[in-house]
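What follows draws every value from the coordinates through simple rules; no lab data is involved. Worth saying up front: this structure is predicted, and the values here are computed from it rather than measured. Quick reminder, even Gly has a Cβ in these numbers, built from the backbone with ideal geometry, and neighbours come from all protein chains shown.
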Amino acid sequence: MNKSRFSDSQILGILKKAEGGVPIADLCREHGISNATFYNWPLKYGGMDASLMARMNELE
C-alpha cells in the first residue's frame, strides 16, 4: 500500500474543516488533493479520532 502524504492529524484537520462549512473544492485546492481522495477519506476515517486512526494503521 502506498504511504499517504498526509499524517493522520492532517487528515482529521481537513475533515473537521469540511464539517465546519468550508467548501470542499477550496479545501482540495488548498491542500493539493483530488475530490475523489477527499470523498474517500470520510468513508475510511469518518468518526475516528487520532488514537483510533493510529491503531487502525498499526493493524494494517
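A compact table of results
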| item | result |
| --- | --- |
| Helix-derived mean residue ellipticity, 222 nm - over the chain, DSSP H n ≥ 4, -39500 (n - 2.57), to 500 | -20000 deg cm²/dmol |
| Neighbourhood net charge (15 Å Cβ-Cβ; Lys/Arg +1, Asp/Glu -1) for ARG55 | -3 |
| Whole-number Å³ per residue for the convex hull built on Cα positions in the chain | 83 Å³ |
| Under 13 Å, Cβ to Cβ, from LEU12 - net charge with Lys/Arg +1 and Asp/Glu -1 | 0 |
